[in-house]
Amino acid sequence: MKTTNKLRSNNITSPILRVFIAYQAKNKNWRGFCYPFDVTCEGFTKDQVMKKLKKLVDLYCEGLKEYEYPQHLLIRKLTDEQDRVVFSRFVEHITKEIEERLINYDLGQEKERQINLYNPITIGYYNDFVLA
């Protein structure tokens, strides 16, 4: 049975949120990865890495579609140790930021914001993240 548009288990074709992260690696080159696909690349500049990474992810998604979205390729663990460390720091940072915004919202310091997601596949970029 073909499942070109939906996965059997949860009716989605690919992860809803894709996180692209670029950082300066230990070797002073820039390295980027996309979670949850574990697609990676390296380059001399952040812009070069992000441009290359977006193209690689587009190709990866085309492959997913061609092979009817195999579940074992939709969400992959990060294989590079340095990427895992960076992603862990990112998750800590974004969790803290969300918590602070929720506290500020509860205190009435922020107004409610409306967000419309017309595209079911949301791509997440986080530009304010800085490794300490």
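Structural remarks
- Some residue of segment 80-102 being in contact with a helix residue (DSSP H, G or I) (Cβ under 8 Å, 6 or more places away or on another chain), farther than 14 Å from residue 20 by Cα and not basic (Lys, Arg): no
- Within segment 61-102, the only residue that satisfies the criterion of being surrounded by 16 or more Cβ atoms within 10 Å (Cβ to Cβ) and hydroxyl-bearing (Ser, Thr, Tyr) is 69.
- Strands (runs of 3 or more DSSP E) contained in segment 2-76 and holding at least 2 residues β-branched (Val, Ile, Thr), modelled with pLDDT under 95 and touching a strand residue (DSSP E or B) at 6+ places or on another chain (Cβ under 9 Å): 17-24
The values are calculated or read from the model by the stated rules, or taken from the named source; none is laboratory data. Worth saying up front: this structure is predicted, and the values here are computed from it rather than measured. Every residue, glycine as well, gets a Cβ built from its backbone with ideal geometry; the counts of neighbours run over all protein chains shown.
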